[in-house]
């Protein structure tokens, strides 16, 4: 199997509203256009199907992320690009998932908290800041940015198209495309 | 994509000790020999990775089975033969999973309870019959056999090799191989 037919895990991480879902969808489109098999494991869909009943404590978040990692690994080792787009706030948990599979590419969707609050795509920051959502990442719960992500995109400085181009170029450099 | 490159779900169901794990391993070997991509979602492995904390109430069992079904579907639609080997005692839940994916092949590993108790591979029946394991399928919890499974193997009448041959032949007839 050539490297280009290989599956891998493309792991988006970043604050709520940073642009993970949008970017993962656009990257998936481009990868499919290039003939890759792609699955997006979105935070909400996975919570519904794999983690119903789990809350947002550190332990529950970790369990959710490890489950996403387990499924991503099963897909990747069968030639699929497994894209995940959950907040995944804890560095140690992301690094744990990284340790379970060699072809792991971390994409830090770097957007300052103020910008995410300004956008407030889902209206969640307003509620979180009003104290209506406990344990909200960035407001009342920590977010630990990656120290050495393979890819960084800055959605407050780049258009989505530019961010997608950055990701695809880097995947080519890493010999995944 | 030709039918022969298609993924599908091969869903083993049957009592504890009926032979699901052994048969699923042997079938997986034969399928890999034929060039298929295969993943086995074993009851215990999946409980560890996807369902830690769940018990054996009907509700928890159903949740576990639905999670296995969700992952099996993700694999199958990417060209993998997703083999599952959990007891999956409830007919309605198996039929629910069937309804989520068109290429679903149910294998009933039919072995009478007395035979399973006689074998008692894991020593679990002894404990269950002594009342040490509550909600044990076949002893203190129901098992609902499939009404119209695509494949039936009788491990008390056939050798494992014969059962594997039955399964492979039927998969050929169904045009999956």
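In the stretch A:93-102 there is at least one residue that is in contact with a helix residue (DSSP H, G or I) (Cβ under 9 Å, 6 or more places away or on another chain) and farther than 24 Å from residue B:68 by Cβ.
If we scan the stretch A:100-121, do we find a residue that is without any contact (Cβ under 8 Å) to a residue 60 or more places away in the chain and under 30 Å from residue B:49 (Cα atoms)? Yes, the stretch A:100-121 contains at least one residue that is without any contact (Cβ under 8 Å) to a residue 60 or more places away in the chain and under 30 Å from residue B:49 (Cα atoms).
The one condition from (1) surrounded by fewer than 17 Cβ atoms within 10 Å (Cβ to Cβ); (2) out of contact with any helix residue (DSSP H, G or I) (no Cβ under 6 Å at 6 or more places or on another chain) that residue A:156 does not meet is (2). Taking the residues in the stretch A:1-51 that are under 21 Å from residue A:90 (Cβ atoms) and free of Cβ contacts under 8 Å to residues at least 24 places away in the same chain as candidates, determine which candidate is surrounded by the fewest Cβ atoms within 10 Å (Cβ to Cβ). It comes out as A:44.
Regarding residue B:164, is this residue in a strand (DSSP E or B), more than 14 Å from chain A (Cβ to nearest Cβ) and surrounded by 16 or more Cβ atoms within 10 Å (Cβ to Cβ)? So that I can check it myself, show each step before the final result.
Values: in a strand (DSSP E or B): no; more than 14 Å from chain A (Cβ to nearest Cβ): yes; surrounded by 16 or more Cβ atoms within 10 Å (Cβ to Cβ): yes.
It is false that residue B:164 is in a strand (DSSP E or B), more than 14 Å from chain A (Cβ to nearest Cβ) and surrounded by 16 or more Cβ atoms within 10 Å (Cβ to Cβ).
Restricting A:146, A:134 to those that are loosely packed, with under 14 Cβ neighbours inside 10 Å, in contact (Cβ under 8 Å) with a residue 40 or more places away in the chain and assigned to a loop (DSSP other than H, G, I, E, B) reduces the list to A:134.
Looking across the stretch B:90-118, the residues that are buried (at least 16 other Cβ atoms within 10 Å of the Cβ) and within 14 Å of chain A (Cβ to nearest Cβ) come down to B:97, B:101.
Residue-by-condition table, conditions (1) under 17 Å from residue B:107 (Cα atoms); (2) within 16 Å of the chain's Cα centre (by Cα); (3) at pLDDT below 95:
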site	(1), (2), (3)
B:13	yes, yes, no
B:23	yes, yes, no
B:45	no, yes, yes
B:54	no, no, yes
B:61	no, yes, yes
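The values are calculated or read from the model by the stated rules, or taken from the named source; none is laboratory data. Computed from a predicted structure; not experimentally measured. As a convention, Cβ positions derive from the backbone with ideal geometry for all residues, glycine included, and neighbour counts pool all protein chains shown.
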